[in-house]
Structure formats: C-alpha cells, structure tokens
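Undergrad: So that we are looking at the same thing, I have put the structure below in structure tokens.
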Amino acid sequence: MTKTTRVALLLSLLAAMLLAVAGCLEPARPIIACIEVEPTIGYAPLTAAFDASCTFVPPERAGAYDYRWEFGDGAEASGRSAFHTFTAPGTYEVFLYIIDMDMGEFEFLASTKRVIVVLPVP
C-alpha cells in the first residue's frame, strides 16, 4: 500500500467517524416560555403582576437572555418580571418574547401569550 493510499484511507475513515458522531448528537432542547400572572381578570384600572420564572431553559442552553413584554395596549417592559396597569376596559393579549442578544444581533428563542380581561367599573 502506497503512502498516498494510506493517507486517503485514513482521511476517509476520519470523515466516516466524524459523520457517525455528528449523527449521534442530539439537537438542543427548546426554551419554553411561560407566564404567571395575577390577576387575569378585574375592574379598571387593573394592575397585574407578570412573572416569567416558570420559563424552562434547558441546561445546555443556559445563558443571559432578554425578556420582553408587550401588554396589548401599546405599553412594553423588559425583565423577567413586570407590573402593568390596564386603565381601560377590554381584553388584552400580553406577549412575552425571550430574546438572545449576541453582539448587537438578536434571535427570538421563544414566545407565549396570556389574556387579561379588564372589566368596566359597575
């Protein structure tokens, strides 16, 4: 066997091993966004407390992520928890976005929503 043949054989074996290992690696589990809120219904003005601590972040994805809230009335907030006062009666969809900010670029990793009902004062 020539030296060139041995090198080619070693390279093809190495490539086959790398492909086999790559096929065995599992993809990273997803982040699952979760919102706990209290209260979800009440009379205007309604102040609600929002918390995303129930969000599941697998250990292999642990890191510093941004939590962005949109309250459905034009107001926004950031952070793992937030308070918001809904001043007008209505049904509001509150969205939570979990974002990875890396070197000025962002990637949406997960999102979820909850519905808040604000009743008119009787």
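We did not get these values from a lab; they are worked out from the coordinates using the rules stated. Model, not experiment: these values are computed from the prediction. Please note: Cβ atoms are built from the backbone with ideal geometry, for glycine as well, and neighbour counts cover all protein chains shown.
Undergrad: Per-residue HN-Hα couplings for the stretch 117-122, Karplus 6.51 cos²θ - 1.76 cosθ + 1.60 at θ = phi - 60°, whole Hz, x for Gly and Pro?
TA: After applying 6.51 cos²θ - 1.76 cosθ + 1.60, I find 10, 10, 8, x, 5, x Hz.
Undergrad: What list of ³J(HN,Hα) values in whole Hz, one per residue of the stretch 27-32 in order, does the Karplus curve 6.51 cos²θ - 1.76 cosθ + 1.60 (θ = phi - 60°) give from phi, with Gly and Pro shown as x?
TA: Per-residue couplings from phi come out as x, 4, 5, x, 7, 10 Hz.
Undergrad: Check A110: other-chain or 5+ apart residues with amide H under 5 Å from its amide H, H built from backbone geometry?
TA: Residues meeting the criterion, in which the H sits 1.01 Å from N, are I98.
Undergrad: Which FRET efficiency value, to the nearest 0.05, is calculated for E38 and I99 with the Förster distance at 25 angstrom and r the Cβ-Cβ distance? Write down the numbers at each step before the final one.
TA: Numbers: r = 24 Å, r/R0 = 0.98.
So the FRET efficiency works out to roughly 0.55.
Undergrad: For C34, enumerate residues with amide H under 5 Å from its amide H, sequence gap 5+ or separate chain, H modeled in the peptide plane.
TA: T55, F56
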